[in-house]
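Please treat every number below as a calculation from the coordinates, not as lab data. These numbers come from a predicted model, not from an experiment. Using ideal geometry, Cβ is built from the backbone for each residue, glycine included, and neighbour counts are taken over all protein chains shown.
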Amino acid sequence: MTPTPDTVHLTPDEIELWAQGLLPAARDVHLAWCAECRQTAERERKLLRELAQLTRFAPEFGFVERVMAKVKIPTPSGGFKN
Ligand SMILES: [Zn+2]
């Protein structure tokens, strides 16, 4: 007995596609009524988003050092003293 496409739970691969907005509409239909897959898909999308942010903001080597050099608090030189 072959289940119709929209009754089959999404595979991890399909959920990944969905999170990227690439899931075919035929499979997207399943998410409309399957709370289980929707929950999994939302979690995957959140994870992907967090990963994307991590990648975007991942400091390259030496980044912290360069930033720290810029924001280094000037040491009091005595110039403000009367
Ligand atoms: Zn499902």
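Highest mean first, how do 37-45, 21-29 rank when packing is the count of other Cβ atoms within 10 Å averaged over residues? Please report the intermediate quantities before stating the final value.
On the way: 37-45: 16.3, 21-29: 12.2.
The densest-packed peptide leads the list: 37-45, 21-29.
Given R₀ = 41 Å, FRET efficiency for VAL8-PHE63 by Cβ-Cβ distance, to 0.05?
Values: r = 45 Å, r/R0 = 1.10.
Efficiency for this residue pair is about 0.35.
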